[in-house]
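Everything on this sheet refers to the single structure shown next.
No lab work stands behind these numbers, since they all come straight from the coordinates. Worth saying up front: this structure is predicted, and the values here are computed from it rather than measured. With ideal geometry, Cβ positions are generated from the backbone for all residues, glycine too; neighbour counts draw on all protein chains shown.
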Amino acid sequence: MKQQMKGLDFKLQEMAGRIRELREIEGLTQEQMADETGVTLSEYQACETGQSDLNFAFIYRCAQIFGVDVTDIIEGTSPRLANYTLTRAGEGQHIEHAHGMTYFNMAPHFKKRVAEPLYVLAEYSDEAQIKPIEITTHEGQECDIVLSGQLKVQVGEHIEILNPGDTIYYNSTAPHGMIATGGKDCIFYAIVLNSAEEIPLPAKEKKLERRPQEQTTEKRIWEDFIDVTEGEDGSLQSISFKDPDHFNFAFDVVDELARRKPDKLAMLHVDKNKVERRFTFEDISRASSRAANYFKTLGIKRGDRVLLILKRHYQFWIAMMGLNKLGAVALLASNQMLAHDLEYRFKAAGITAVIATGDDHVPEHVEEAAAAAYPEMLKIMVGPQREGWHDFDSEYTVYRSTFPREADAPCGEDLMLMFFTSGTTGYPKAATHCYKYPLGHFITAKYWQCVNPDGLHLTISDTGWAKSMWGKLYGQWLNEAAVFVYDFDRFHADDILPMFAKYHITTFCAPPTMYRMLIKEDLSKYDLSSIEHATIAGEALNPEVFLQFQKATGLSVMEGFGQSETTVMIGNLIGMSPKIGSMGKPVPLYPVDLVDPDGNSVDVGQVGEIVIRAEKEDICGLFRGYYQNEEGTNAAWHDGMYHTGDTAWRDEDGYFWYVGRVDDLIKSSGYRIGPFEIESVIMELPYVLECGVSAAPDPVRGQVVKASIVLTQGTEGTEELKKEIQNYVKEHTAPYKYPRVVVFRDELPKTTSGKIIRNKL
């Protein structure tokens, strides 16, 4: 009992502190609060200091004054659900106090709750059991609480059976109805509000449908390795793989397509000087075989780790397929890395050879990194010639254009590829992938990016990062779609945008940073009509980016979520009705769950860590661990789960909503604040180009919200503008979430893959 009281006292102190924080934010005195809540000044002061119990009526009145939900005060988080929420008997949010009163909020996750109770008798009818439930709609919201009997309730497409004590809460503007079931009458409370203004349902868009050109009887290459079950709308219902233990992408896809469709376009490449090169699958097959023979002659053998630093040079695709055939393990690196970055990677992965561009001082950085500890490092250069380096362009072309597959050729669980993680905290880890990895990207390309086998796909990514494998190679070629590559040095929206019309690019994927740059351009000046589908990944999608791009192009940007350790694991796929700001739903390939710190699944509307419930060898596309880093592997992969380190919540329709990294959560005055929500609000302001939200230490509150902002060109960062931003956040979200600290910066610290590093803001 003492322990229980300690818990209650702690919760009481937290709620009292939240009330005090909100009062101070709103600039109200204790006298004013006492008057507004209908208590004496001394009674209010006792409540605010946690010396007196907080009854529900008092909390409710405080919430109304501050313009927040009761849940904000009770739990320190905002309600998230907007369609319906189901609460089972014995569950719900409650406050217990010494006066013997227990308060239950039966819909703690529902936004903008309002209610009036009605007592209802539903008579049981055998006839009603075999007929469709009579559906109705009306303004407001409704909460039904079963007291006796059973109630069958339909809300939209959802059907729930309620037993005594069960509660269902929903927008009554949604089609709904109910009947008594279970063989006897049902008595329940119907808590209904006819609101003064309509409470809109979450915006839903037309489902993504299979394009006519994908309706074909022609057998695709992927059908040799993959079985899928699809719904009538083309949605993916299930997926399985045929003999993945013998799969090798370079032989089974590239070489086989070269045999079946030698003239089919594999890649349209445009270099920085606008020189165009077209490669068929036969071109890639023959060139990669020459590369495999060349590497073998240089002494590169199966299992050797080879680092590629090739920007977007067309030689990257040739080298990758050559290494895949040979069995050497490819690692990717950005041309932005300096000598110390490379030295760390040499050591961490045991690199034996480097294939690098001659641009951007990369050779000098490689030489500096290798000089001390790796003097025997094999160095191969693409582009200009340099002493001490092999000349890839002139040397590989003299070798045989065939590389026969031997009986013991690398495949299946053999190590094929490593990605260094972004390394926002600590040193980057090398996530290892086997030869089954490309199969996982079948979903990435076909059901998320919706690549057209007769079209041209553009993913804006440097080949130095895992994202390039999401959109520049494996999944696209597995679906027989050609990739478009523009080998630019620096991204300029006005340079990229004309290419959509010129080359008839049909599908497009880019990180949020690129989209933000695109929407700041006058998109009406460009013909973007060739684009059939647009996707986004790398960081969570701010709703404002979605809306601005949709307004300019008519296209909905479809968000997807995954990591260097995975393929797309959550996404807005074909057949789904996307919700603005949501990552989508888990793909059938991955058993995704949300868990609390103890590994227990969390309820709908509650924040939890995104995990995959699987063993390492169970899923094509899931990494096999961190190379020579048992500690890191065990920290991420334990209790039968891979822990992503990212948090989200799931709504009543099964859609996931990103919150942030586990370590990014801001804890201020008892409130738990996710940075992404605040970033999204600030991004609505037309003069904000980029924004990163982080925690700043505070002696009183522990932490406060800090917003680091990059303004659009021509906007001056003044104290008045800071106040304007702070007030805007207060007005468009709960006031306690506003940034007490606002700083203007020329740029935000990012990983070389473009992710904002919040712990350096």
Degrees separating the helix 719-732 axis from the principal Cα axis of the chain, which is the longest one: 70 degrees
Separation between the Asp393 and Val743 pseudo-spin-labels, each 7 Å from Cα along Cα→Cβ, expressed in nm? 4.4 nm
Sorted from fewest to most neighbouring beta carbons within 10 Å, what does the list Glu36, Glu21 look like? Glu36, Glu21
Shape call for the range 665-760, from the Cα gyration tensor axes a ≥ b ≥ c (a/c under 1.5 means rounded, otherwise prolate when a/b beats b/c, else oblate), comes out oblate
With 23 Å as the limit, write out which pairs from Lys551/Lys579; Lys525/Lys755; Lys301/Lys472 have Cα-Cα distances beyond it, or answer none. Lys525/Lys755; Lys301/Lys472
Quick check: Cα centre of the range 482-558 to Cα centre of the range 113-173, how many Å? 45 Å
Among His109, Pro697, His340, whose Cα lies farthest out toward the positive end of the dipole of the chain, if unit charges sit on the beta carbon of Lys, Arg (+1) and Asp, Glu (-1)? His340
What FRET efficiency, computed as 1/(1 + (r/R0)^6) with R0 = 41 Å and r the Cβ-Cβ distance, is obtained for Gln30 and Ala339, rounded to the nearest 0.05? 0.10
The summed charge of the Leu151 Cβ neighbourhood (under 13 Å; Lys/Arg +1, Asp/Glu -1) stands at -4
Need one number: nm distance between label points at Glu630 and Glu376, each 7 Å from Cα along Cα→Cβ, rounded to one decimal. 2.7 nm
Would you indicate which of (i) 28.9, 92; (ii) 42.6, 172; (iii) 30.5, 105 is the value of Rg and Dmax of the Cα atoms in Å derived from the coordinates of this structure? (i)
Row for the range 601-683, column shape: gyration tensor on C-alpha, a ≥ b ≥ c, rounded if a/c < 1.5 i.e. under 1.5, prolate if a/b over b/c, else oblate; value prolate
Of the trypsin sites (Lys or Arg not before Pro) in the range 465-512, those whose Cβ has at most 14 other Cβ within 10 Å and which sit in DSSP loop: Arg490
What is the extension gain from Ala89 to Ser125, computed as 0.36 nm multiplied by their sequence separation minus the C-alpha to C-alpha distance, in nm to one decimal? 10.4 nm
Farthest towards the positive end of the dipole of the chain, among Ser289, Thr37, Phe744 and with Cβ unit charges of +1 on Lys and Arg and -1 on Asp and Glu, lies the Cα of Ser289
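Local charge sum around Val382 (other residues, Cβ-Cβ under 13 Å, Lys/Arg +1, Asp/Glu -1)?
Value of the local net charge: -3.
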If you average the alpha carbon positions of the range 404-467 and of the range 296-326, how far apart do those two centres end up, in angstrom? 14 Å
Find which of Phe10, Trp470, Ile59 sits farthest along the positive direction of the dipole of the chain, computed with +1 on the beta-carbon of Lys and Arg, -1 on that of Asp and Glu, about the Cα centre. Trp470
Here the residues of the range 462-500 lying in the modelled label zone of Asp271, meaning backbone nitrogen under 18 Å from a point 7 Å along Cα-to-Cβ, are 463, 484-490
Dividing the mean separation of Cα pairs under 8 Å (6+ apart) by the residue count of the chain yields a relative contact order in percent of 10 percent
Under 13 Å from the Cβ of Ala372, count the other residues' Cβ atoms, weight Lys and Arg +1, Asp and Glu -1, and hand me the total. -3
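Work out the length of the dipole vector of the chain about its Cα centre, built from +1 on the beta-carbon of each Lys and Arg and -1 on the beta-carbon of each Asp and Glu, and round it to the nearest 20 debye.
Charge dipole, the chain, about its Cα centre: 1740 debye, nearest 20.
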